Each structure stands twice: as structure tokens, then as C-alpha cells.
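Worksheet for the structure shown next.
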Amino acid sequence: MSVKDVKRTGKIYNEITQKHIRQDEQWGGPEHDGGNSASDWYKFCEKFLRRSQNEDPKVFRENMVKVAALVVASLERFDRNYKGIMSKEAEV
């Protein structure tokens, strides 16, 4: 991976983090997330994945960032609730 690739990836991660922060502000963060089941998270992601089928590249990208932020929130919720079965990578 080149330095240029690392910078691009870092920008994407930053964008996902910023979207995650906005979602937390909008929906209430961990307190709200804790009440969501695995099925709920699937449905939330599915909603934006379906919207991503739009041929407009801007709409596709915006929805992919939303899905990525939702996945981060779902993993945070999982790790809070199931500390005993987190992957070794997640424990870092």
C-alpha cells in the first residue's frame, strides 16, 4: 500500500467517524444503540444498502458511508454487551 493509498484510506475512516458522531448526536449514542438487536442493525444497514443501488455515484457513496458508520456502531454495541467473546483484534 502506498503513502497515497494510506492517506486516502485515512480520509475515508475520518469521514466514517464523523458520520458516526453525527448519528450518535441524532439518535442518542450508546444508550440508544444498546436497545437494538442484531436484526435491527441488519435492517438499518439494509435500508441504506438498498438506497445505494441508485446509479448516482454521489448517492451511492453517501449511503456507503452511512452503512459503514452503522456497522461501527453495531460493533461497539456488540463489544459492550459481549466482552467475553470479542476478537483479539477488537481488544487492542
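Within segment 12-41, how many residues are closer than 16 Å to Val67 by Cβ, surrounded by 15 or more Cβ atoms within 10 Å (Cβ to Cβ) and out of contact with any helix residue (DSSP H, G or I) (no Cβ under 8 Å at 6 or more places or on another chain)?
The number of residues fulfilling the criteria is 0.
Considering segment 46-68 alone, what residues qualify as being in contact with a Ser or Thr (Cβ under 8 Å, 6 or more places away or on another chain) and within 14 Å of His20 (Cα to Cα)? Spell out the reasoning first.
The initial filter retains those residues of segment 46-68 that are in contact with a Ser or Thr (Cβ under 8 Å, 6 or more places away or on another chain), namely 59-60, 63-64, 67.
Across segment 46-68, the qualifying residues are Asn63, Met64, Val67.
If we scan segment 76-92, do we find a residue that is modelled with pLDDT under 90, among the acidic types (Asp, Glu) and more than 20 Å from Ile12 (Cβ to Cβ)?
Yes; the residues of segment 76-92 include at least one that is modelled with pLDDT under 90, among the acidic types (Asp, Glu) and more than 20 Å from Ile12 (Cβ to Cβ).
Would you check if Ser52 is among the polar types (S, T, N, Q), surrounded by 13 or more Cβ atoms within 10 Å (Cβ to Cβ) and in contact with a Lys or Arg (Cβ under 9 Å, 6 or more places away or on another chain)?
On the way: among the polar types (S, T, N, Q): yes; surrounded by 13 or more Cβ atoms within 10 Å (Cβ to Cβ): yes; in contact with a Lys or Arg (Cβ under 9 Å, 6 or more places away or on another chain): yes.
Answer is yes for this residue.
The values are calculated or read from the model by the stated rules, or taken from the named source; none is laboratory data. This is a predicted model, so every value here is computed, not measured. For neighbour counting, all protein chains shown are included, and Cβ atoms are generated from backbone atoms with ideal geometry for every residue, glycine included.
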